[in-house]
Amino acid sequence: MADLYEVLLTAELPADLAETDVAELRWHLGLGPKPEVLNIVTSSGDMMMVDEDGEPLPEDQWWVDVLPLLGQRGPADGRGGGVAFSELVRREGAGRRQLGADLTPGAPR
């Protein structure tokens, strides 16, 4: 039996992030439509070399199918349970809140 791990990714984005970048992030998280131009992630995707029927395409008709990176939602894995989701939230106010005390010896209290 394999071990399964939970992954939580949190990123603090600059307040002045361009709306085009926010739109792209929303798409990558499965929260919005695909923008016409991708500026953040520009080199991902699967090379499509066959048509919808699985027939090979001539090389000059190959294209890259770019998919959202973290857009999956729903059951994460049938073996271990859990759920896959993503969210993009603008935080009001400034600064971080510490949830637990730093227990490192000599750390300020």
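The values are calculated or read from the model by the stated rules, or taken from the named source; none is laboratory data. These numbers were taken from a predicted model, which means no experiment stands behind them. Don't worry about glycine lacking a Cβ; one is built from the backbone with ideal geometry, like all the others, and counts go over all protein chains shown.
Some observations on this one:
- Among residues of the range 20-51, those that are farther than 13 Å from Val66 by Cα and over 17 Å from the mean Cα position of the chain (by Cα), counted: 3
- For Gly54, the stated conditions do not hold, so it cannot be described as at positive phi and under 15 Å from the mean Cα position of the chain (by Cα).
- Qualifying residue in the range 30-38 (condition: among the small types (Gly, Ala, Ser) and more than 13 Å from Leu88 (Cα to Cα)): no
- Leu8 out of contact with any helix residue (DSSP H, G or I) (no Cβ under 8 Å at 6 or more places or on another chain), part of a loop (DSSP other than H, G, I, E, B) and surrounded by fewer than 10 Cβ atoms within 10 Å (Cβ to Cβ): yes
- Of the residues making up the range 66-109, those that are among the small types (Gly, Ala, Ser), more than 30 Å from Met48 (Cβ to Cβ) and modelled with pLDDT of 70 or more are Gly81, Gly82.
- Index of the failed condition, Asp65 passing every other in (1) exposed (fewer than 10 other Cβ atoms within 10 Å of the Cβ); (2) touching a Ser or Thr at 6+ places or on another chain (Cβ under 7 Å): (2)
- Residue list for the range 27-65, restricted to those being in a loop (DSSP other than H, G, I, E, B), at pLDDT below 80 and aliphatic (A, V, I, L, M): Val41
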